[in-house]
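The values are calculated or read from the model by the stated rules, or taken from the named source; none is laboratory data. For clarity, every value in this text was computed on a predicted model and none was experimentally measured. Positions of Cβ are generated from backbone atoms using ideal geometry, with glycine treated the same way; all protein chains shown enter the neighbour counts. All accessible areas refer to the heavy atoms of the entire protein, side chains included, with ligands and DNA or RNA removed. Shrake-Rupley method; radii C 1.70, N 1.55, O 1.52, S 1.80 Å.
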Amino acid sequence: MPKTPAPATASADGSVGWSRPLALVVALAYFMENLDATILTTATPSIARAFDVVPADLGLAVTAYLVAVAAFIPFGSWAADRLGARPVFLVSIVVFTLASVLCAASDSVTTLTTARVLQGIAGSMLVPIGRLVVLSGTAKSDLVRAIAYLTWPALVAPVIAPLLGGILTEYAGWPWIFWVNVPVGIALVLVAWRIVPQVPRRRRPLDGVGLVLLVVAVSALVLGMEFVADASTTVAGAGLLVGSVLVGTLAVFWFRRAAHPVLDLRTLRIPTFRASNSAGSVYRGVVSAAPFLLPLLLQEGFGWSPVRAGAMVMAVFAGNLGIKPVTTPLVRRFRLVPLIVVATSVLAASFGAAALLRPDTPEIVVALVFLVSGAARSVGFTAYNTLQFADVPAEAMSPANTVASISAQLATGIGVAVAALLVRAAADLAPAGDAAFAYRAALIGMAVVGLLSIVESASLPRGAGDAVRAGRR
């Protein structure tokens, strides 16, 4: 029997060279985690009937996953530095898969929520560590290609989740939205065991105080945004948001003074990295609102069926996929900042066009608007993610990756929460009989937010991020 080849080991400078199979493995893990972050919403009514509760009672199961992912990312980063990125990545896949089995076997809200927390903790290590493994072995000239592979799951998963979740729930039963993770998880472990390389460790003590402060601040922020959007829990949500600001401020003071902070904020001194995690987070929030608002516009506003609406929203995915072959050449050919400005402007315009749609608008026109929106999402995402790490030195990649992972996770949750707030506020102003008014208003509001994000990005120097364009012709 031939021996299994040992995994590649990074050199002293952390470089193992560009690896397309490695990027694909991490991207698939990223896709699995992103899909589970959104697919549960579609199955909520069916799960509620199975547990004999009202759908609102399952809100905690949805939120618990987002809280666990966002709050425990720094712990995963520390574990990777301490124990090695490869073993922690493999263990996180196994735990995520086992947690999926527990979710599928749940028979109450309590057991489902507990399993979702475990799944979220595994997800908090799965994606950031996988990205670290890829980026730590990628030269600046190959960063564009690496980011292109790691970007598509965040764009595709939220778009296809409503349709996939609806099909699985309707034809196989709600547990199958979790059972599908089992074969994927097994395949990921087998492949990752062979090709995921060792990455040099950076031994450091665990900042327990900082971790507790961060978990409390992030949990209060995510829960507060969820609660404040519901009229019955607005006051509690506002209290949680205030608490999040206070604890978060204390955490920042701690991180600046701790010898080994669980969250190293020094990487924010890099202008391109700072802009990508401020303006870029606003952009990500706007992008994440589309899979939330568009199905609601079509179903609640136009009276479409869930399957018809889900199939139409797939046009966004088609735009993502269709533009992919040219995103890397675009980033190679044009400077990143102008590309971000154009992509954000087109995205905002597509939101405005979606707000002008009517129930009698030809479906081909609706699909075209969604297609353009998906293409703009893909280009902007790739440009921002590339700019984010363009000027980060190799020795700072791990702490930078932790900051970027938290900001991306929070941006996604907050973007949906802001969209929900806009819908709720506009609903009180809707003319009688106009079921789509609130969703149109929310789309326009998110378009304005997206345009505001251009201000900081456009202020970057002309050659910002040119380090990653070294390989262009």
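Rounded, prolate or oblate: which fits segment 167-288, taking a ≥ b ≥ c as square roots of the Cα gyration tensor eigenvalues, rounded meaning a/c under 1.5, else prolate when a/b beats b/c? The shape class here is oblate.
In order along segment 373-389, phi translates into HN-Hα couplings of 4, x, 5, 5, 4, 5, 5, x, 4, 5, 5, 5, 5, 6, 4, 4, 10 Hz, rounded to whole numbers, per the Karplus curve 6.51 cos²θ - 1.76 cosθ + 1.60 with θ = phi - 60° and x for Gly and Pro.
Leaving ligands, DNA and RNA out of it, rank S278, S77 by accessible area with a 1.4 Å probe, largest first. Show your work: numbers first, answer last.
Working: S278 40, S77 15 Å².
In descending accessible area the options line up as S278, S77.
If you average the sequence gap of Cα pairs under 8 Å that are 6 or more apart and divide by the length of segment 337-448, what percent do you get for the contact order?
Details: 77 pairs, mean separation 40.7, N = 112.
Across segment 337-448, relative contact order equals 36 percent.
Using the heavy atoms of the protein chains and a 1.4 angstrom probe, tell me the accessible area per residue for segment 256-301 in square angstrom.
Details: 1800 Å² over 46 residues.
Ligands and nucleic acids excluded, the result is 39 Å² per residue.
Applying 1/(1 + (r/R0)^6) with R0 = 45 Å to the Cβ-Cβ distance of V365 and T111 gives a FRET efficiency near 0.45.
For segment 388-427, what is the convex hull volume of its Cα atoms per residue in Å³? Here the figure is 52 Å³ per residue.
Other residues with beta-carbon under 15 Å from the beta-carbon of K324 carry, at +1 per Lys or Arg and -1 per Asp or Glu, a net charge of +4. Measuring with a 1.4 angstrom probe and ignoring ligands and nucleic acids, V252 comes out at about 50 Å² accessible.
Starting from the Cα-Cα distance between A427 and Q198, subtract it from 0.36 nm times their residue separation and give me the gain in nm to one decimal. Could the numbers behind the result be given before it?
Values: separation 229, 0.36 × 229 = 82.44 nm, distance 5.31 nm.
Full extension from A427 to Q198 adds 77.1 nm.
With both labels modelled 7 Å from their Cα along Cα-to-Cβ, the F253 to V62 distance reads 3.7 nm. Shown in residue order for segment 308-314 are the 3J(HN,Hα) couplings computed by the Karplus curve 6.51 cos²θ - 1.76 cosθ + 1.60 at θ = phi - 60°: 5, 5, x, 5, 5, 5, 4 Hz (x for Gly and Pro).
On full extension, the segment bounded by R462 and L265 gains 68.4 nm, given 0.36 nm per residue less the C-alpha separation. For segment 195-292, the relative contact order works out to 25 percent when only alpha carbon pairs closer than 8 Å and six or more residues apart are counted. Between Q198 and A8, T9, A10, the built amide H atoms are under 5 Å apart, and every one of these is 5 or more places off in sequence or on another chain. Taking all protein chains together and a 1.4 Å probe, the residues R116, R86 rank R86, R116 from largest to smallest accessible area.
Among the trypsin sites (Lys or Arg not before Pro) within segment 223-267, not one is in coil by DSSP while having at most 10 neighbouring Cβ atoms inside 10 Å.
Taking a ≥ b ≥ c as the square roots of the eigenvalues of the Cα gyration tensor, segment 301-350 is classed as oblate, since a/c reaches at least 1.5 and a/b does not exceed b/c. In sequence order, segment 316-327 has phi-based couplings of 4, 4, 4, x, 4, 6, x, 7, 4, x, 10, 5 Hz under the Karplus curve 6.51 cos²θ - 1.76 cosθ + 1.60, θ = phi - 60°, and Gly or Pro positions carry x.
Rounded, prolate or oblate: which fits segment 271-412 when a ≥ b ≥ c are the square roots of the eigenvalues of the alpha-carbon gyration tensor, with rounded for a/c under 1.5 and prolate only if a/b beats b/c?
Numbers: a/c = 2.66, a/b = 1.94, b/c = 1.37.
Since a/c reaches 1.5 and a/b is larger than b/c, the shape of segment 271-412 is classed as prolate.
Between A238 and S305, the modelled label-to-label distance comes to 4.4 nm, taking each label 7 Å out from Cα in the direction of the beta carbon.
Global size of the chain: 21.4, 74 Å for Rg and Dmax (C-alpha atoms, Rg to one decimal, Dmax whole).
Please list, by residue number, every one of the trypsin sites (Lys or Arg not before Pro) in segment 421-462 that is coil in DSSP and has at most 10 other beta-carbon atoms within 10 Å. Walk me through the numbers on the way to the answer.
Numbers: sites: R424, R440, R462; in loops: R462.
Passing both the DSSP loop test and the Cβ count: R462.
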